[in-house]
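Report on one structure; see the data block that follows.
Here, each number is a calculation from the coordinates, and none is a lab measurement. Keep in mind it's a predicted model, so treat the numbers as computed, not measured. Note that each Cβ is placed from the backbone with ideal geometry, even for glycine, and that neighbours are counted across all protein chains shown.
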Amino acid sequence: MLMGACADSDAPPSAALAEDCVAPEPCDIEHPECMQQVLALTACERGETLTPPAPQMRVVSRSQLREALKSDEGSPDVTAAVWDVALTRLHLLPEGTSGGDAALDAEAESVAAFFDSDDKTITIVRDEDHDDTARMHVLSHELTHYLQDRESSLRERVVKADSVDAHMAVRALIEGEAVVNSARAMARLVGRRPENMPWSQLYASLDQQVLKAIDASPAPLSTAALTLPYNLGARYVGDAWNLYDRARVVDLLEDAPSSLIDWLAGYDASASAESAREALDCAPPQAPPGFELVGVDSFGPTGLIALLAAAGTAEFETAKSLRADAAAAYLRTGDAPDASSGLLIWRLRLASEVDARAIERRLPTWPHVGSRVLGKELLLIVTSDLTQMGLSAALDTCPTLAELKPVPAQTPTAALRWLTRQRTR
């Protein structure tokens with residue numbers, strides 16, 4: 001999907017590559033010997049002295065990939081539909097499409113390969129336009145995931161994340177290291193030293209690809225969730241590695257930022273660097289009369305960048321002003337609960353009231369979407385009836401997140417469920 005950007009470099013070829021990591025000649029990755037050679041280079045770049053046996057690999061067509069992804073779909077329910085309806089009204093999902101369907105479509109159309117952390121296999125999508133070196137680069141990315149998983153289960157890392165934002169931070173770490181490690185391997189494959197790679201150009205290229213994809217997508221939230229870990233993770237991990245040393249990356253693998261807010265802010269080598277995150281003044285309100293709370297989540301910068309795309313243009317600078325957010329979904333109670341009459345309240349804390357009002361002004365006048373600025377915080381209210389009795393009084397309440405979260409608190413929301421079904425690409 002994004003890995004091809006690493007192949008281009010304006011740096012001059014180097015006649016003397018590092019002695020400890022030897023790049024093989026271009027070869028067909030479908031041959032076991034070639035795969036083992038790419039694995040040896042990939043492991044060496046990570047500082048591993050012993051090369052494990054290569055995992056199993058299969059090569060599929062894009063249509064076969066789509067069928068494989070469809071087999072992972074979960075069963076829809078009315079709770080999930082509340083989130084889907086609200087996200088559709090915010091123009092973050094297309095009309096009539098679930099978050100799960102949108103995620104599947106984004107993956108099926110753009111994924112070049114993935115590592116399955118359950119069965120420990122690698123799947124490569126056949127692409128006739130890729131030469132041997134480009135395919136070796138793609139394979140190196142997935143083999144980095146294989147090596148990561150051997151150190152610490154990727155599945156366990158992902159399932160521990162209890163919000164969309166926390167999940168995105170985990171994936172930024174996983175994908176960021178894979179992008180940087182495979183880029184360094186690619187440099188060797190084309191006869192260059194990794195330190196001579198034009199890293200700033202690579203990051204800028206990834207940024208441009210990601211923003212373009214989000215802006216062009218009919219499902220900007222799904223596309224943002226799919227793509228942002230690559231560029232934000234690559235810059236953060238790359239700065240830690242290339243400006244300092246591999247030991248900084250090892251430290252990140254043990255203790256990385258848990259919110260994409262800090263990944264977006266960039267790597268700070270200072271041990272005393274403070275998180276950019278702040279606490280919300282208030283969580284979204286308790287359920288208004290006639291509703292029940294069905295889920296609480298944090299979309300983080302992923303949600304704000306997608307919202308900016310839906311409002312006109314996705315960009316990172318405005319998203320850097322985000323300090324915290326929480327979204328709560330409520331289902332109307334009754335004999336036949338109807339997701340279309342549900343309610344979502346999304347509270348975002350920005351760096352200043354000026355930032356909060358600037359974002360509010362950028363939002364179009366969408367049916368069923370209201371807003372309110374309270375100091376540094378912007379409330380978005382998404383419902384079929386903005387004049388619902390009891391809603392105004394509910395907005396004046398000020399619970400904490402701990403008071404608001406439903407029981408059990410770790411029950412994943414619909415948005416988090418479809419995110420965690422995605423493969424490690």
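So what's the angle, to the nearest 10 degrees on a 0 to 90 scale, between helix 199-216 and the longest Cα principal axis of the chain?
40 degrees
State the answer as a single residue: which of 100, 230, 80 lies farthest towards the positive end of the charge dipole of the chain, with beta carbon charges of +1 for Lys and Arg and -1 for Asp and Glu, about the Cα centre.
80
Using mean Cβ contacts within 10 Å as the protection proxy, how do 393-405, 240-252 order, highest first? List each step's numbers first, then the result.
Working: 393-405: 13.9, 240-252: 16.4.
Those peptides, ordered most packed to least, come out 240-252, 393-405.
How much length would be gained if the chain were fully extended between residue 250 and residue 152, taking 0.36 nm per residue of separation minus their Cα-Cα distance, in nm to one decimal? Provide the component values of the computation, followed by the final result.
Working: separation 98, 0.36 × 98 = 35.28 nm, distance 1.21 nm.
Using 0.36 nm per residue and subtracting the Cα-Cα distance, I get 34.1 nm.
Only four residue types carry charge here, +1 at the Cβ of Lys and Arg and -1 at the Cβ of Asp and Glu. Report the dipole size of the chain about the Cα centre in Debye, rounded to the nearest 20. Mind dumping the intermediate values first?
Details: 38 positive and 63 negative charges, 126 e Å.
For the chain, the charge dipole is close to 600 debye.
Nearest 10 degrees, 0 to 90: what angle lies between the long axis of helix 353-362 and the longest principal axis of the chain (Cα atoms)?
Helix 353-362 sits at roughly 90 degrees to that axis.
From the square roots a ≥ b ≥ c of the eigenvalues of the alpha-carbon gyration tensor of the chain, which class results: rounded (a/c under 1.5), prolate (a/b over b/c), or oblate? Present the calculation step by step, with values, prior to reporting the outcome.
Values: a/c = 2.24, a/b = 1.79, b/c = 1.25.
It comes out prolate by the Cα gyration axes.
Between residue 61 and residue 20, 0.36 nm times their residue separation minus their Cα-Cα distance comes to what? Display every interim value, and only then the final one.
On the way: separation 41, 0.36 × 41 = 14.76 nm, distance 3.61 nm.
Using 0.36 nm per residue and subtracting the Cα-Cα distance, I get 11.1 nm.
Out of the stretch 238-321, which GluC sites (Glu not before Pro) are coil in DSSP terms and have no more than 10 other C-beta atoms within 10 Å? Walk me through the numbers on the way to the answer.
On the way: sites: 254, 274, 278, 292, 315, 317; in loops: 274, 278, 315.
Qualifying residues, ordered by number: 274.
Considering only DSSP beta bridges with both partners in the stretch 283-377, what is the antiparallel share in %, to the nearest 5? Provide the component values of the computation, followed by the final result.
Details: 16 of 16 bridges.
Given both bridge residues lie in the stretch 283-377, the antiparallel proportion sits at roughly 100 percent.
Could you calculate the FRET efficiency of residue 195 with residue 338 from 1/(1 + (r/R0)^6), where r is the beta carbon distance between them and R0 is 51 Å, rounded to 0.05?
According to the calculation, E is roughly 0.30.
Treat each spin label as a single point 7 Å out from the Cα along the C-beta direction, and report the residue 28 to residue 127 distance in nm.
Distance between label points: 2.0 nm.
So what's the angle, to the nearest 10 degrees on a 0 to 90 scale, between helix 220-242 and the longest Cα principal axis of the chain?
It works out to around 50 degrees.
On a straight-distance basis, which lysines could pair with residue 405 in a cross-link, Cα separation under 22 angstrom, same-chain partners fewer than 8 positions away excluded?
The qualifying lysines are 160.
Going highest first, how would you order 31-38, 145-152 by mean Cβ packing within 10 Å?
Values: 31-38: 16.2, 145-152: 18.6.
Highest-to-lowest ranking by the protection proxy: 145-152, 31-38.
Find how much the distance from residue 398 to residue 36 grows on full extension, using 0.36 nm per residue of separation minus their present alpha carbon separation; answer in nm with one decimal. Walk me through the intermediate numbers first.
On the way: separation 362, 0.36 × 362 = 130.32 nm, distance 5.76 nm.
So the extension gain works out to 124.6 nm.
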